[in-house]
Each structure stands twice: as structure tokens, then as C-alpha cells.
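Contents: one structure, followed by commentary.
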Amino acid sequence: MKKKDNLMVAIVIAGGFITVLNQLVMSPALPTVMREFGITAAKGQWLTSIFLLVNGLMVPVTAYLIDRFTSRQIFTAAMCAFTAGSVAAAFSTGFTMLLAARIVQAVGAGIMLPFASVMLMLIFPKSRRGFALGISGVVIGFAPAFGPTLAGWIVDEWGWRYIFMFIAPLAAIVMILALILLKNLGEKEDVKLDWISVALSTIGFGGLLFGFSTAGNTGWASPMTLGTIALGAVVIVFFVKRQLSAEKPMLNLKILKNGVFSTSTILAAVVSAGLTVGAVITPIYLQNVLGLSALTSGLLMMPGALCMAAMSPVSGMLFDRFGPRALSITGLSLITAGSIMLTFLGVHSTILYVCLSYSIRMFGMSMVNMPINTWGLNVLPNRLIAHGNAINNTARQIGGSLGTAVLVTVMMMVASGSAIQGTTATANGITAAFTGASMLTGAALILTIIRVKGGRNGEDY
């Protein structure tokens, strides 16, 4: 590649690293935040779920932004929003302010992550895209490797607010470097943002998340739960109809008619739903059931993330050579096996068992996300990659947020209904949540066996 392309890749990956780092820093801090603000796990999980949801809602808008603005404008605006949210989070005086700060962070991160993927897809040819995304996976993969551990250490030493005091200046530095060094890629088009579609997607997916999240407190049969879920579902139907009938849709859903791409999108959503909840409830188990510190819980989650980061370039090279089938089946088998192992957690489980189970899940993840995503995008022409990436990432983020909301609600309901309260009840709730996660990843494995074939460009589909 040319020197300027290398520079662009480095800056874009640096932005991706910071935003991914932020996704998981709340995991070891969540029990501390819950105690400080006097909130339940169902309320606290919103700090993760809302971040993922807003990420998902921003992704469709990214396709418009890439068409409408220059690379430098998009990057700096995203990092500016992310930095502002980080500063606000550091000085939050209550849960509501912290939640609002996370939303502002998520706006920036929701633009940054799909933007980075699209840029890499456009810089590299199809024959090298697996390798390119694999290399980026190494760098960005180190964020979830060190994020929880670093956050745990900061929480134990200074408190959770200093997590954001550490992130904010890093984001500001990357933003300044982008202003000076980042070159523009692609051509601008005079397109308009469909604000009605933005409103429909926000109300629709927001209604679903709110309904599933409140079920733990109000019950599944309550008017609030059923009403918001029904509202969300109806509005999503209108959103889909609008995208299919519009001449220039915000999100080109017509590409879902391609069997390869639709399969990759469904898998992205289901796998994310089964995996994301682990980052939320594993620290709760380690700290509230086993009584470990935030730092120790972060250290125990590090090996899994390191395995994922180390395997990313290998998965990329194997994908370029052999395609997605063997990789994704192996990966989902490992994810499901690790999830099943976590269904046997109890008050006397060893930390080695927890670490091994969690690591198996993360190792498997490195063989699934990138190969399946690249396999789906490779069947699309370059002019539709931004829309394809937006759809895939939207599915992943919303699947993760809804999966977390539902499974945390299951955890709380099982725990509150347990005959024996205390740490045993919490452990029972956590194992119930991992049972649900196992069912989701098992379903994804079956779908992969049936639908994913060998060709990296979908030619064997």
C-alpha cells in the first residue's frame, strides 16, 4: 500500500481502538456504580445496553454520512462527540447524567466503528480484505483484552470516574492527529438524510429495548412491557416498508434479498445476542458471588480477549484462503461449548473454571465475526458496501443490546424467585442467563451448518 494509505489505516484503527475500549470498561465498574447510585442490575445494564442500542441506531446514518461528507469531517465529528461524552461521564453526578453521557459517547462510537470498516473495505481489494480486517482485529482486539483489566485497576485505586478521565484525552489526541494527517477517501454525493426513517428506527428499536429491559421490574405481563414492545414492533414494520419503497433509502434493505448477505446479517445478530451479555454478567458473578475485586475480575477476563486478538489475523488469512465455513462452524462450536460450561457456575466455582469458560467463548468469537461479516459484504458491489456494513453492524449492535436486556431480565427474575436468597440466588440467575445464551449460539451454529458454504465471495452458496 501507499504511505498515505498506511497512515489512514493507522489513524482509523486508533479511533476504533479507543471506541471499542470504551464498550467494555463499564463491565468491571458496574457493581461499583450500582452500589454508589443505589440501582439494580436491570437498571445498571442500561449503561451497556443503551450504548449498544445507540451504536446500532447511528450505524444506518453512517451510510448517509459517508456519501455526504469527507472522511476527515466524519472522523473528527465522531471523535469530538465521543470525547465530549467521556468528559461528561467523568463528572456525572447521578445515574441519569451518566446514562446521558454514555449516549453521547455512543453517538461518536456508532459512527466510528462502521466508518472504519468501510474505509478498510475500500482501501483493500477483495482478495486482501480478510487479512486487512484480521490485522485491524488484532489492534482493536487488544481493547477488550486490556479494557476490563485496566478499568478494574482504576476502579480499585481511584474510582470508576477516572476510567473516563483516562479515555477522554486519548480520544482528543486521536482527533487532533486526524485533523492534521487524515486524507479524504471516496467522493461526496448530494444526498439528503431521511429524518422520518431516523425517527422510526429510534422509536422502533428503542421501544423494543425499553420493553424487554423493564420486564425484570414490572413483569412480562405488565401494560408497560407489552405496550412498549408492541409499539416498537409496529414502528419497525413502518420503518422497513419505508426503506423498501424509497427511491434513495437511508438503509438499502433490498440487499437482504441476497441469500449470502441475509444469512451473514442474521448470524451477526444472533451471535451478538448470545455473546454480549457475558461481558455484563460475568463481572457481576466474579464480584458479587465470588467476592473478587474489580481488578481481579478484569484480569480473569483478559485471557479470552487476548485469545480473540491473537486469532484475528490468523482467521483473516484462513478466510482469504479457504472461506468462512470451517472457521465459523469451529468458532460457533467453541462459543456454544464455553456458554454451556458457564451454565454450571455456582457459589463454589473456581476462578480457573470461569476464566477457561470465558476464554473459550472469546476464542471462538474470533473465528466467527470477521469471516461471516466479510463473506456477506464480498457479494456486494463497492457502491453498496457502506449500506451492507451499516445493516450488518445495526443487526449486531441491536442484537447485542436486546440480548443483554432480555437475558439480564431473566437473570433478575430467576434470582428474585429463588427459594434461597443471597449469592446463591444471584448465581442461579446468572446460570439461567447463560442457558439462554447457549441456546442462541447453538441456534446460530445450526444455521451456519445449513447455510454457510465454502466460497469467500459467496460463489459456493
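Just so you know, all these numbers are worked out from the coordinates, no wet-lab data involved. Source: prediction; values computed, not measured. Because the Cβ atoms are built from the backbone with ideal geometry, glycine has one as well, and the counts that use them run over all protein chains shown.
Please report Rg over Rh for the chain, where both radii come from the alpha carbon positions and Rh follows the Kirkwood definition.
Ratio value, two decimals: 0.94.
With labels modelled as points extended 7 Å from the Cα through the Cβ direction, what inter-label distance (nm, one decimal) is found for residue 310 paired with residue 230?
Spacing of the two 7 Å Cα→Cβ label points: 5.3 nm.
Within the chain, count lysine pairs with alpha carbon atoms under 23 angstrom apart where the residues are 8 or more positions apart or belong to different chains.
The result is 23.
As a test of the formula, what do you get for the chain when each DSSP H run with n ≥ 4 contributes -39,500 (n - 2.57) and the sum is divided by the residue count, at 222 nm and rounded to the nearest 500 deg cm²/dmol?
About -28000 deg cm²/dmol.
When you count, for each residue, the other Cβ atoms within 10 Å and take the mean per peptide, how do 312-319, 237-244 rank with the highest first?
312-319, 237-244
Taking a ≥ b ≥ c as the square roots of the eigenvalues of the Cα gyration tensor of segment 194-249, is the shape rounded (a/c under 1.5), prolate (a/b larger than b/c) or oblate?
Because a/c hits 1.5 or more and a/b exceeds b/c, segment 194-249 counts as prolate.
Can you give me the distance in nm between label points at residue 37 and residue 421, each placed 7 Å from the Cα along the Cα-to-Cβ direction?
So the label points at residue 37 and residue 421 sit 2.4 nm apart.
Simple spin-label model, 7 Å along Cα-to-Cβ: residue 262 to residue 91 in nm?
Distance between the two pseudo-spin positions: 5.1 nm.
Could you calculate the contour length gain from residue 80 to residue 238, that is, 0.36 nm times the residue separation minus the distance between their Cα atoms, to one decimal place in nm?
The residue 80-residue 238 span can extend by a further 53.6 nm.
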